[in-house]
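Below is one structure, written out as structure tokens; comments come after it.
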Amino acid sequence: MTSTGRTGGLDTTTRRIADDLVVLTVRGEIDIATAEGLRTPLVALAGESPCGGVVVADLGEVGFFSSAGIEALLVAHEKLSHSDGLLRVVTAPVVRRALVAVGLHRALELHDSLDTALATRGSG
């Protein structure tokens, strides 16, 4: 199942790879004005994820990433953690720099490409 759209000023695509694996691809700039376009679908997917499920947030084509985007990832990560699920984040350089700067590279599973995020098996 694949769905595309424009959510909160961001272009998004959601693709279910398996019952327990879904990818949310986001393109654009994530700031205070657009972060809801990341947060809403990401948190919804985290809530729909089965126990032990994996949600991949593909932010590889994000050109700007603010603290509002960090907060959206944290909320989804927490929601998934409560069901033994996992959030994997594909990072553009600007996203990786922001997550490393605040120390979230230690809590989140970061990947340089969607291929590596999908090739990883298990919960990290």
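Between Ser3 and Glu71, the simple spin-label model (points 7 angstrom out along Cα→Cβ) gives 2.5 nm. Hydrophobic long helices, here whole DSSP H runs in the chain with Kyte-Doolittle means of at least 0.5 and Cα atoms spread over 20 Å or more along the helix axis, are found at 67-81.
Over the chain, DSSP H runs of length four or greater, each weighted -39,500 (n - 2.57), average out per residue to a 222 nm ellipticity of -10500 deg cm²/dmol.
The mean sequence distance of close C-alpha pairs (under 8 Å, at least 6 residues apart), as a share of the length of the chain, puts its relative contact order at 22 percent. Relative contact order for region 44-88: 61 percent, from Cα pairs under 8 Å spaced at least 6 residues apart, divided by residue count. Here the chain carries DSSP beta bridges of which approximately 40% are antiparallel, counting only pairs with both residues inside. Simple point charges give the picture: +1 on the Cβ of Lys and Arg, -1 on the Cβ of Asp and Glu, and for the chain a dipole about the Cα centre of about 100 debye. The protection proxy used here, the mean number of other Cβ atoms lying within 10 Å of each residue, ranks peptides 55-64, 74-83 as follows, highest first: 55-64, 74-83. Counting Lys and Arg as +1 and Asp and Glu as -1 over every other residue whose Cβ lies under 10 Å from the Cβ of Gly53, the net charge comes to -4. The spacing between region 97-121 and region 22-56, judged by their C-alpha centroids, is 15 Å.
Which FRET efficiency, nearest 0.05, do Arg97 and Ala33 yield, Cβ-Cβ r, R0 25 Å? For R0 = 25 Å, the calculated efficiency reads 0.75. Since only Ser3, Ala18, Val56 are under comparison, the one whose Cα sits farthest along the positive direction of the charge dipole of region 1-106, derived from C-beta charges on Lys, Arg, Asp and Glu, is Val56. Protection proxy ranking of 101-110, 87-96, by the mean of other Cβ atoms within 10 Å over each peptide's residues and highest first, is 87-96, 101-110.
Averaged per residue, the chain has 49 square angstrom of accessible surface, using a 1.4 angstrom probe with ligands and nucleic acids left out.
Given a 1.4 Å probe and every protein chain left where it sits, what share in percent of the accessible area of region 20-68 is carbon and sulfur? Using a 1.4 Å probe with all protein chains present, region 20-68 comes out at 54 percent carbon and sulfur.
The values are calculated or read from the model by the stated rules, or taken from the named source; none is laboratory data. Owing to the predicted nature of the structure, the values given are computational and were not obtained by experimental measurement. In this analysis, Cβ positions are derived from the backbone assuming ideal geometry, glycine residues included, and neighbour counts consider all displayed protein chains. Each accessible area value is taken on the protein alone, full model and side chains, heavy atoms only, with ligands, DNA and RNA left out. Shrake-Rupley method; radii C 1.70, N 1.55, O 1.52, S 1.80 Å.
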